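Data first, discussion second: the structure below is written as structure tokens.
Please treat every number below as a calculation from the coordinates, not as lab data. Remember, predicted model here, so these are calculated numbers, not experimental data. Neighbour counts are summed over all protein chains in view; Cβ atoms, including those assigned to glycine, are modelled from backbone coordinates with ideal geometry.
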Amino acid sequence: MFQGYKFRIYPTIEHQIVLAKSFGCCRWYWNYALNLCQETYKQTGKGLSRKAIQGLLPQLKKEYPWLKDAYSQCLQVVALNLSTAYKNFFEKRARLPQFKSKHGRQSISYPQNVTFEGDYLKLPGKIGLIYCRRHREFEGTIKTVTISKNRDGKYYASILVDDGKEIPNSSTNGKAIGIDLGLTHFAITSDGDKYSNLKHFAKHQHNLKRKQQKLSRKQKGSNSRQKARLKVAKLHAKIARCREDFLHKLSRKIVNENVETCHGTSVLAVEDLAVKNLVRNPKLAKAISDCGWGMFCTMLKYKAEKEGKTYIEIDRFFPSSKTCNVCLNQVGSLPLDIRSWTCENCQTLHDRDINASINIKNEALRILSLGTSDTANLRGCKSSGKTFVLSDAIPVEVGSPYRRAMARLYS
């Protein structure tokens, strides 16, 4: 099983110069290869393979001797990353590869020959030993090390380690929990727990505004403008770190609490949110972007899978908020300003978010019981005018939480 560890490194001035040259060489090679792939596709309708891109290196090093300043295998990894980027694009997992700028985040990767010597990270080539803040230990074989420089001027080493362990098989035995994500409260579980939204960007927004105003008044190209830009970048980095720290702790808390409260492996169910579409709302775009729902779901998924749990996402069009979790009656409309509502059929008073998380949990259990990855969409629910799918697909079994509700609806 592969594990990733990220450490802060502190290169000296000499190290920074060598790293800057390596960053520049790899960035130039990426842009050159990407441009060549685009031109080749326009002329022939076909792209370039990884082998063809790597085959350009010997001739390019003769034409541009400064390419030798970078470690040879770092340049070969660029070809691998570019071919992977195109593969992800054609399989609709990512957007089309873009050209890289020297003003953004810089990175290079070492596929081998990287070791630790005490508190120092030893890199091959002209770099040598770099002091590393190794705040945690790990066991396993180092596969790849990526050195990066953020816009705030800090350097990091991301280390991919193979610990030799097998990924545990996911099981559905044990407690299930549904999680509804929102803005007023960041996460609401089907157990009734609510976790507040800390609103990291809003907390630092006034300070960020002042720093950006000072930056806009500086003369372009001056040293004072560079200092002001660095202050803005550091504040943006601080906001991102605070958000990431909160999401890591919350996802770990939810996964660990599920371990302690049941003897078997649990099911974690969340809603598949289309964040890209949600941020088109001009009134809620900033608040939605500040939450980091996508990052939270990613963290929850890999932490759950590492513990042998089942992580499942419910269809984004599933009416979790508008459906009563007791009698399955569905209301026609439920605006965002209504936080609690009473079911017209069974007269149950519902908290909007808790009701949604319970429906998400029940829908996940129904999907797992059907043995399919397709959402059930509350089949056969009593709704205002429309039934989603035929009710015969619902497995009515002894002990099912919906057995009596189904009997009432179709008797």
Among the candidates ILE179, ILE159, ILE188, single out the residue that is touching a residue at least 12 places away in the same chain (Cβ under 8 Å), under 22 Å from the mean Cα position of the chain (by Cα) and closer than 30 Å to ILE13 by Cβ.
ILE159
Within the stretch 335-347, count every residue that is surrounded by fewer than 15 Cβ atoms within 10 Å (Cβ to Cβ) and in contact with a strand residue (DSSP E or B) (Cβ under 9 Å, 6 or more places away or on another chain).
5
In this structure, does LYS211 turn out to be surrounded by 15 or more Cβ atoms within 10 Å (Cβ to Cβ) and without any contact (Cβ under 8 Å) to a residue 40 or more places away in the chain?
yes
Quick test of your reading of the structure: SER72 fulfils all but one of (1) over 30 Å from GLY140 (Cα atoms); (2) free of Cβ contacts under 8 Å to residues at least 24 places away in the same chain; (3) not basic (Lys, Arg). Name the failing condition by number.
(1)
Without any contact (Cβ under 8 Å) to a residue 12 or more places away in the chain, of a type in the set (Lys, Arg) and either assigned to a loop (DSSP other than H, G, I, E, B) or over 30 Å from ILE314 (Cα atoms) (or both): does that describe LYS220?
yes
Which residue is surrounded by the fewest Cβ atoms within 10 Å (Cβ to Cβ), if the candidates are limited to the stretch 104-140 and must be over 25 Å from the mean Cα position of the chain (by Cα) and among the small types (Gly, Ala, Ser)?
GLY118
List the pairs whose first member sits in the stretch 40-54 and is at negative phi, whose second member is in a loop (DSSP other than H, G, I, E, B) and surrounded by 13 or more Cβ atoms within 10 Å (Cβ to Cβ), and whose Cβ atoms are under 7 Å apart, counting only residues at least 6 apart or on separate chains?
THR40/GLY47; THR40/LEU48; TYR41/GLY47
So SER170, is it surrounded by fewer than 17 Cβ atoms within 10 Å (Cβ to Cβ), outside any helix (DSSP H, G or I) and of a type in the set (S, T, N, Q)
yes
Look through the stretch 191-208, keep the residues that are in contact with a Phe, Trp or Tyr (Cβ under 8 Å, 6 or more places away or on another chain) and touching a residue at least 40 places away in the same chain (Cβ under 8 Å), and return whichever of them is farthest from PRO335 (Cα to Cα).
HIS200
Of the residues ASP163, ASP152, ASP193, only one is among the charged types (D, E, K, R) and either farther than 19 Å from LYS6 by Cα or crowded, with 19+ Cβ neighbours inside 10 Å (or both); which?
ASP193
Report, by residue number, each residue of the stretch 296-334 that is surrounded by 14 or more Cβ atoms within 10 Å (Cβ to Cβ), on the phi < 0 side of the Ramachandran plot and small (Gly, Ala, Ser).
ALA304, SER320, SER321
For the stretch 71-103, enumerate the residues that are crowded, with 17+ Cβ neighbours inside 10 Å, touching a Lys or Arg at 6+ places or on another chain (Cβ under 7 Å) and closer than 20 Å to VAL18 by Cα.
LYS100
